[in-house]
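Below is one structure, written out as structure tokens; comments come after it.
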Amino acid sequence: MEFNVKKLASDAGVFFSRAMQFTEEKLGQAEKTELDAHFENLLARADCTKNWTEKILRQTEVLLQPNPSARVEEFLYEKLDRKVPSRVTNGELLAQYMTEAANDFGPGTPYGKTLIKVGETQRRLGAAEREFIHSASINFLTPLRNFLEGDWRTISKERRILQNRRLDLDACKARLKKAKAAEAKAACEGDAVPDFQETRPRNYVLSASASALWSDEVEKAEHELRLTQTEFDRQAEVTRLLLEGISSTHVNHLRCLHEFVESQTNYYAQCYQFMLDLQKQLGSSKGEIFSGTFVGNADSTSPAAAPSSPAVAAATLPAVPTIPVVPTIVGVPNTVAEGVLNPNEVKPPASGTRKARVLYDYEAADSTELALLADEMITVYSLPGMDPDWLIGERGNQKGKVPVTYLELLS
């Protein structure tokens with residue numbers, strides 16, 4: 001117990017001594033051993049790497065999990081070294097609600113069918129999001145955390161040791177400087193009693209001359225300075241090697257960043273494809289809901305009730321854009337009804353073709369289709385018995401089938 005008390009008192013004395021020395025350095029009242037420019041650059045680069053890695057890590061966590069409560073929960077599970085429970089994504093939860101709503105409204109109704117289709121797409125989007133979050137956490141977040149909790153802690157520890165070694169070195173330099181000044185003063189003024197409050201207490205032979213006592217003190221201070229300089233140089237080399245390892249950290253983080261971008265690209269590509277598929281499935285209903293978007297000529301299975309008069313019909317029926325229908329082509333019977341179209345055999349009607357604006361890019365699947373570019377203008381018309389989800393599009397000398405969900409009919 002006595003040893004522990006003495007050690008505690010000694011450590012406290014060293015701490016207060018270093019604190020006082022550090023304060024004097026900040027105030028410019030004490031000399032400070034400066035590190036070389038290369039070492040200072042390594043320190044600045046390491047601090048910059050640590051600060052930006054923390055910011056990127058925190059913001060990526062926000063991107064992957066916007067809910068702060070969920071992030072706190074995941075952090076606690078991670079610190080407790082327990083597996084984070086599986087959590088339903090927002091897309092999957094929305095899909096569940098849409099499916100339940102469709103069952104209540106009737107899965108056979110138009111609204112119910114649409115809810116089921118959209119819900120299934122939302123479920124696929126939620127599953128893709130879950131896969132992206134898992135991949136990003138493993139390939140990107142984990143390496144960043146490992147750097148901050150592993151390599152950076154080691155670097156910080158060695159830097160603190162180097163700081164203490166530097167303070168010890170500066171203290172030895174100051175002690176040697178004072179001893180040499182006292183020795184010179186004693187040599188000039190004759191015998192003088194050494195100031196034991198100024199230097200560390202020693203067991204001196206009081207009968208010796210003051211000059212000899214100061215010479216002995218100078219030798220001891222020089223010996224301690226050599227030892228302290230050796231320890232400082234050794235610690236500086238260890239710290240330098242760790243700081244130079246930041247370059248390897250950048251290379252590792254660069255590889256992880258490429259993997260993160262690849263995961264994000266695959267995720268958004270999947271989402272885009274899922275929405276394109278959904279858009280094709282909802283093509284007909286989309287044209288009926290949003291005005292100005294052309295759907296096509298849908299064949300009616302039962303005749304509509306005739307209005308009492310043309311005036312009433314004109315007043316009650318909405319003005320829905322229509323597309324001219326090409327009369328049956330002589331010599332090319334049943335080609336469209338059979339689903340086989342040769343654009344070269346199709347001729348546009350003499351009058352009544354309409355202009356349409358392309359909403360999205362479309363890549364032709366075969367030679368019978370016409371590739372589209374967003375915002376371009378084309379001429380469109382329909383054929384008898386043709387699939388209502390498709391039209392004939394013309395652009396200059398090019399001709400082919402185009403999907404109606406990619407078009408907006410212009411009045």
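The set of residues in the range 73-108 being open to solvent by less than 100 Å² (accessible area, probe 1.4 Å) and either part of a loop (DSSP other than H, G, I, E, B) or touching a Leu at 6+ places or on another chain (Cβ under 6 Å) (or both) consists of VAL84, PRO85, ARG87, VAL88, THR89, GLY91, MET98, ALA101, ALA102, GLY106, PRO107, GLY108. Scanning for something touching a helix residue (DSSP H, G or I) at 6+ places or on another chain (Cβ under 6 Å) and either at pLDDT 80 or above or part of a helix (DSSP H, G or I) (or both), does the range 186-193 turn up at least one residue? Yes, some residue in the range 186-193 is touching a helix residue (DSSP H, G or I) at 6+ places or on another chain (Cβ under 6 Å) and either at pLDDT 80 or above or part of a helix (DSSP H, G or I) (or both). Do we find that VAL330 is modelled with pLDDT under 55, open to solvent by 70 Å² or more (accessible area, probe 1.4 Å) and part of a loop (DSSP other than H, G, I, E, B) in this structure? Taking the combined requirement at face value, the residue satisfies it. Could you tell me whether the range 37-50 includes any residue that is touching a helix residue (DSSP H, G or I) at 6+ places or on another chain (Cβ under 6 Å) and either more than 30 Å from LYS173 (Cβ to Cβ) or without any contact (Cβ under 8 Å) to a residue 40 or more places away in the chain (or both)? Yes, the range 37-50 contains at least one residue that is touching a helix residue (DSSP H, G or I) at 6+ places or on another chain (Cβ under 6 Å) and either more than 30 Å from LYS173 (Cβ to Cβ) or without any contact (Cβ under 8 Å) to a residue 40 or more places away in the chain (or both). Every listed requirement among (1) among the acidic types (Asp, Glu); (2) at pLDDT 85 or above; (3) surrounded by 17 or more Cβ atoms within 10 Å (Cβ to Cβ) is met by GLU183 save one, (2). State yes or no: is ARG175 open to solvent by 50 Å² or more (accessible area, probe 1.4 Å), of a type outside the set (S, T, N, Q) and under 21 Å from LEU225 (Cα atoms)? Yes, satisfied.
Residue-wise test of (1) under 26 Å from GLN273 (Cα atoms); (2) in contact with a Phe, Trp or Tyr (Cβ under 8 Å, 6 or more places away or on another chain); (3) not assigned by the TED database to the domain that holds LYS280.
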position: LEU372; (1), (2), (3): yes, yes, yes
position: ASP387; (1), (2), (3): yes, no, yes
position: GLY396; (1), (2), (3): no, no, yes
position: TYR406; (1), (2), (3): yes, yes, yes
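The values are calculated or read from the model by the stated rules, or taken from the named source; none is laboratory data. None of these values were measured; they are calculated from a predicted model. Glycine also receives a Cβ, built like all others from the backbone with ideal geometry; neighbour counts cover every protein chain displayed. For accessibility, only protein heavy atoms count, side chains too; no ligands or nucleic acids. Shrake-Rupley method; radii C 1.70, N 1.55, O 1.52, S 1.80 Å.
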